[in-house]
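> Right, I'll just put the structure down here and ask away after.
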Amino acid sequence: MAKEWLGVRNGELAPCPNSPNCISTQAQRPPQKMESLPFFHDKDGAKNVILNIIGAEKGTEIQSQHEDYLHVVFTSKFLKFKDDVEFYFDQLEERVHFRSASRVGCIDFGVNRKRMERISKEYLDQMKGASS
């Protein structure tokens, strides 16, 4: 198994480990894979929408923010588990790639997938609303 890292290397986020507590647009295994998101007008537009969605979530803290990358930590309300969520704004593909992974444990009861499905839905809803 490849060692995990945070950030983007050669246009890729870290691969998901074999455990089911990770979801990524760049994952190879179907249970861990989700679709990337199209840019919202351009890279900056996409990033601003993601930042607005993240800002409305409870228990979030932006760890690092660069031109094409965003790292956010989500902390669960009761047990204070931390999940690392990364967004890569791929200028070449004009897509937002993401990865959400639990820091500890093996099973997350689908929390990472549900979170990214919720964020993706909100993102796409805002895109539809802006084009109406």
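> Taking only the stretch 28-40 into account, find how many residues are modelled with pLDDT under 95 and in a loop (DSSP other than H, G, I, E, B).
Going through the stretch 28-40 one residue at a time, the tally reaches 2.
> Among the listed residues G7, G55, G45, identify the single one that is surrounded by 11 or more Cβ atoms within 10 Å (Cβ to Cβ) and either part of a helix (DSSP H, G or I) or of a type in the set (D, E, K, R) (or both).
Exactly one of G7, G55, G45 is surrounded by 11 or more Cβ atoms within 10 Å (Cβ to Cβ) and either part of a helix (DSSP H, G or I) or of a type in the set (D, E, K, R) (or both), namely G45.
> While we're on this one: Residues of the stretch 43-91 being in contact with a strand residue (DSSP E or B) (Cβ under 9 Å, 6 or more places away or on another chain) and on the phi > 0 side of the Ramachandran plot, which ones?
G59
> Same structure, new question: Within the group Y123, Y88, which residue is of a type in the set (F, W, Y), part of a helix (DSSP H, G or I) and within 13 Å of the chain's Cα centre (by Cα)?
After ruling out the rest, the residue left standing is Y123.
> Scan the stretch 18-29 and report the pairs whose first residue is surrounded by fewer than 19 Cβ atoms within 10 Å (Cβ to Cβ) and whose second residue is β-branched (V, I, T) and in a loop (DSSP other than H, G, I, E, B), with Cβ atoms within less than 8 Å and a gap of 6+ or a chain change.
S19/I107; P20/I107
> Please go through the stretch 64-84 and pick out each residue that is loosely packed, with under 13 Cβ neighbours inside 10 Å and either assigned to a strand (DSSP E or B) or of a type outside the set (D, E) (or both).
S64, Q65, H66, K77, F78, L79, K80
The values are calculated or read from the model by the stated rules, or taken from the named source; none is laboratory data. Quantities reported herein were computed from a predicted structural model and do not represent experimental measurements. Using ideal geometry, Cβ is built from the backbone for each residue, glycine included, and neighbour counts are taken over all protein chains shown.
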